[in-house]
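Okay, structure first, notes after.
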Amino acid sequence: MSQRWQKSSYCSEGDSCVHISTSHGTIRVTESADPTGAVLIATPTSFDALLTALKKDSPRG
């Protein structure tokens, strides 16, 4: 079964974007510029920790 990827809502048309896919308790993240390249695989808990850390360090956070 192929992954169904969703583009980040923060992405403008034509930009390099983050894509996310979820399946069976696993979250996968890849970049649209190289969708066959590296894929980050995380559990929901570790992905939440990543987002929390990114938001904390964000200038908008």
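Computed from the coordinates by the stated procedures, all read-outs in this text should not be read as laboratory data. Given the structure is predicted, the values throughout are model-derived calculations rather than measurements. Positions of Cβ are backbone-derived with ideal geometry, glycine not excepted, and every protein chain shown enters the neighbour counts.
Brief remarks on what is shown
- Protection proxy ranking of 36-49, 19-32 - average other beta-carbon atoms within 10 Å, highest first: 19-32, 36-49
- Along each principal axis, Cα extent of the chain, largest first, Å: 37, 30, 18
- Only helices enter the 222 nm calculation for the chain: every DSSP H run of n ≥ 4 contributes -39,500 (n - 2.57), and dividing by all residues gives -7500 deg cm²/dmol, rounded to 500.
- Ranked 11, 17, criterion: other C-beta atoms within 10 Å, fewest first: 11, 17
- Cβ charges +1 (Lys, Arg) and -1 (Asp, Glu), total dipole of the chain, debye: 200
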